[in-house]
Amino acid sequence: MDPILKLNLHDGDLLPNLSMYKRLIGRLIYLTISRPDITFVVNRLSQYIKEPRVPHLHVVHHLLQYLKYAPRQGLFFPTQNSLKLITFADVDWASYVDTSEVVWLKQLLLHFEIDVPSAMLFCDNKSTISLATNPSHHERSKHIDIDYHFIREFVQSKVIKLVHVKNQQQVTDVFTKALSDSTFDKFIVKLKMINTYLLT
């Protein structure tokens, strides 16, 4: 999606055929299961499903051209690989560090008899990392949600390791904002998305 483009509810003419737009978005939502590279744009487009307008349809057409250009793009899981749980948290996206999704993922993997001793969480907010790792902040942060204290326990027991990542290397931006082509391409490679035609 063009990072300069600002979609909204009011600009452009209403589409005469709402059902076509709804069917396309429904299929694209289903496709995000295997194509996380389109998650952000599909999420944005689905917000206009009640009253889609011409600019929204133009973005859908642009997305379909992208999919046609790379029809076999997908996540690659090599058979010979050590399993590591590596996660990213974007401070712009409601501060995921204060949730326990990483712990939930570890427990889910354990249910499948896959033991991951620790998980790395890359975060682009040094203050959040400091708050979660430094017990001296306790007195100044009593008013903060108990989630921070909950996550601090996992950090101190080394179940979760918090690592700072620069904004320019924040992979979660693929899911939270429109990016330039070069940044987008760099991040989907980090997500281990490749053209599966190249494997044969």
>> Once you place label points 7 Å from the Cα toward the Cβ at Gln107 and Thr79, how far apart are they in nm?
In response: 3.4
> What is the calculated FRET efficiency for Glu153 to Thr196, with r their C-beta to C-beta distance and R₀ = 45 Å, to the nearest 0.05?
Replying inline: 0.65
>> Just want the ordering: Arg23, Arg35, from fewest to most Cβ atoms lying within 10 Å of their own Cβ.
In response: Arg23, Arg35
> Taking a temperature of 25 °C and a viscosity of 0.890 mPa s, what whole-number D in µm²/s does Stokes-Einstein yield for the range 1-69 with Rh from Kirkwood over alpha carbon pairs?
Replying inline: 202
> What lysines could a cross-link reach from Lys190, if we take a straight Cα to Cα line under 19 Å and drop same-chain neighbours fewer than 8 places away?
Replying inline: Lys84, Lys166, Lys177
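I need the calculated FRET efficiency for the pair His10 and Tyr69, taking r as the beta carbon distance and R₀ as 25 Å, to the nearest 0.05. Could the numbers behind the result be given before it?
Working: r = 31 Å, r/R0 = 1.24.
In this case the efficiency is close to 0.20.
Say R0 is 30 Å: what FRET efficiency, to the nearest 0.05, do Lys186 and Arg27 get from their beta-carbon distance?
Values: r = 28 Å, r/R0 = 0.92.
Result of the calculation: an efficiency of 0.60.
What net charge is computed for the residues neighbouring Val116, neighbours being all others with C-beta under 13 Å from the C-beta of Val116, Lys and Arg scored +1, Asp and Glu -1? Kindly include the intermediate steps, with their values, before the conclusion.
On the way: positive: Lys84, Lys106, Lys158, Lys161; negative: Glu113, Asp115.
Result for the local shell: +2.
Taken together, the values in this text are just the output of simple stated rules run on the coordinates, not laboratory data. Nothing here was measured: the structure is a model prediction, and the numbers come from that model. All Cβ positions, glycine included, derive from the backbone under ideal geometry; neighbour counts span all protein chains shown.
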